[in-house]
1. Just give me the residues in the range 409-446 being among the charged types (D, E, K, R) and more than 19 Å from Ala352 (Cα to Cα), in sequence order.
2. I'd like to check something: does the range 368-387 contain any residue that is in contact (Cβ under 8 Å) with a residue 40 or more places away in the chain, in contact with a Gly (Cβ under 8 Å, 6 or more places away or on another chain) and more than 23 Å from Phe212 (Cα to Cα)?
3. Against the condition out of contact with any Leu (no Cβ under 7 Å at 6 or more places or on another chain) and either under 27 Å from Val315 (Cα atoms) or modelled with pLDDT of 85 or more (or both), how does Gly209 come out, does it pass?
4. Within the range 1-47, restricting attention to residues that are among the basic types (Lys, Arg) and under 24 Å from the mean Cα position of the chain (by Cα), which residue is modelled with the lowest pLDDT?
5. Taking the range 305-327, which residues are of a type in the set (A, V, I, L, M, F, W, C), closer than 18 Å to Val22 by Cβ and at pLDDT 90 or above?
6. Just one of (1) within 23 Å of Ala266 (Cα to Cα); (2) acidic (Asp, Glu); (3) within 27 Å of the chain's Cα centre (by Cα) trips up Asp341, so point out which.
7. Within the range 13-29, can you find the residues that are more than 30 Å from Gly246 (Cβ to Cβ) and touching a helix residue (DSSP H, G or I) at 6+ places or on another chain (Cβ under 7 Å)?
8. Could you check Val183 against (1) in the same structural domain as Met52 (by TED's automatic domain parsing); (2) in contact with a helix residue (DSSP H, G or I) (Cβ under 8 Å, 6 or more places away or on another chain); (3) closer than 30 Å to Arg70 by Cβ; (4) in contact (Cβ under 8 Å) with a residue 60 or more places away in the chain and say which number it fails?
Amino acid sequence: MQLVVTPDRSLVPLLDPCVRHVRVRIQAPVVASDRPRMPLDIAFVLDRSGSMDGTPLALVRRAVSEALGRLESTDRFAIYTFDDTVAELQAPVAATGTAVSTARGALLGVESGGSTNLSGGWSAGCRSLGATVTLPGRSEAWRGRGARDPRAFTPTVVEPSEDAGSRARRVLVLTDGRANCGVVDRDTVCTAVSDVAAQGVSTSTLGFGNGFEEVFLTAMSDAGRGGFFFVAEADQIPAAIAREVGEALEVVARVPSLRVRAPVGATIRCFGSYPCTVTANEATVALPDLTSGQEMDVLFEVRLAGAREGACDFVAELSSEGTTLAGGACAWVPSSADAVDAEKAESSVLVAVAGSIAADARRRAVDANREHNYGVARAILEAAIESVRALRHDVHEIRVILDALARDTYRFGEEMTDFARKSSYAESTSYLKDRTATGVSRKRYD
């Protein structure tokens, strides 16, 4: 595991405040295919509400059945389905040939049902992996006439095993609808998802069609340190599930955290969509599982109150469950105003920052557009244009980003189709997670 820390500039004024940007590049090792991999515990949580009837549900059954075939006997899996209630299709079990065959038979019997108790299905999957889930019962966050309180459903609960720290643990939720019973408040659900991620269980979400709420599912994946996949057509479901399971089978570091420290008196801003905690001149980013050969960039803005004589260090440390995996640092050198002005910036860092500003603005503008707040959507994008222009608008790649944002002020400033909103939101989310357009992790040699 390696960290490469790159600032946009290496010089800072001797006394005056200034803003600098830093890219921390995480490079995970490539694990040879003939070496033992980290075993996987995975819970498939599948929407079987009425809107999934027909081809979508048939493809989900096929995709999960195929995914089970990729597991080894050292892996474990569980399967839950949900409509307004939750059903345990397969209790957590080792992925032996017999267990996989039994689960495939059970999948064939899954039929569509009623509403969408997303929180109930997700919490059942988490508990099957040994996580403690805290969700409210009937309250202002809960909805659904006749639907069961998700706490009333008791799946096969697994206590964290002695080897839990050496196993990847992931919940994969697939839905085509909006959470309309169970716990439906997004913040309440995401708080629970974040708590589960802190226990070592990540959450990935897959939204199919035009009926699901992309803000809800991406917020779950952000809080859960997982991936988000937008599947526009039913025939894309198997490939999306295969990609996510393939990633889970390549984990080399479980739910790591990146901690950075700037000089005393500085303030830090984190870019991207993963949870970030900032305290004075330090920040900690809760990252997703890292996979074999993955490369991930994490970006920061540092506001220096004023440099003193001597170097000003920016230090980064990557850790997983109390173990340090890698470290890195860069230093800013206090210099004269002429030297600072003459220094050529590292444009690749600024381009990445500009892209993150644009992606974040598009996600917020989509949210405003959905609520028909077209003026708000335009204002969000116009503010992003000013922020990007302040970086350095003489770089070609940044000019391209500015031109795209300018076009988007018109596009987002009027009614958009559900498909257009979801496509834009998914693309922006992938950028903020530093993933490819299809939602998978970026490899070092892509």
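1. Step one: list which residues in the range 409-446 are among the charged types (D, E, K, R), which gives 411, 414-415, 418, 421-422, 427, 433-435, 442-444, 446.
Matches in the range 409-446: Arg411, Glu414, Glu415, Asp418, Arg421, Lys422.
2. No, because not a single residue in the range 368-387 is in contact (Cβ under 8 Å) with a residue 40 or more places away in the chain, in contact with a Gly (Cβ under 8 Å, 6 or more places away or on another chain) and more than 23 Å from Phe212 (Cα to Cα).
3. Working: out of contact with any Leu (no Cβ under 7 Å at 6 or more places or on another chain): yes; either under 27 Å from Val315 (Cα atoms) or modelled with pLDDT of 85 or more (or both): no.
Here the answer is no, as Gly209 does not meet what is asked.
4. The first filter runs over the range 1-47 and keeps only residues among the basic types (Lys, Arg), leaving 9, 20, 23, 25, 35, 37.
Still in the list and also under 24 Å from the mean Cα position of the chain (by Cα): 23, 25, 37.
On the way: Arg23: 96, Arg25: 95, Arg37: 82.
Checking each candidate, the answer is Arg37.
5. Start the filter on the range 305-327 by keeping residues that are of a type in the set (A, V, I, L, M, F, W, C), which leaves 305, 307, 311-312, 314-316, 318, 325-326.
With closer than 18 Å to Val22 by Cβ added as a condition, the list becomes 305, 307, 311-312, 314-316, 318, 326.
The answer is Phe314, Val315, Ala316, Leu318, Ala326.
6. With (1) within 23 Å of Ala266 (Cα to Cα); (2) acidic (Asp, Glu); (3) within 27 Å of the chain's Cα centre (by Cα) applied to Asp341, the lone miss is (3).
7. Looking only at the range 13-29, we keep the residues that are more than 30 Å from Gly246 (Cβ to Cβ), and these are 13-22.
Within the range 13-29, Pro13, His21 meet the criteria.
8. In the conditions (1) in the same structural domain as Met52 (by TED's automatic domain parsing); (2) in contact with a helix residue (DSSP H, G or I) (Cβ under 8 Å, 6 or more places away or on another chain); (3) closer than 30 Å to Arg70 by Cβ; (4) in contact (Cβ under 8 Å) with a residue 60 or more places away in the chain, Val183 misses (3) alone.
The values are calculated or read from the model by the stated rules, or taken from the named source; none is laboratory data. Quantities reported herein were computed from a predicted structural model and do not represent experimental measurements. Cβ: placed from backbone, ideal geometry, glycine included. Neighbour counts: every protein chain shown.
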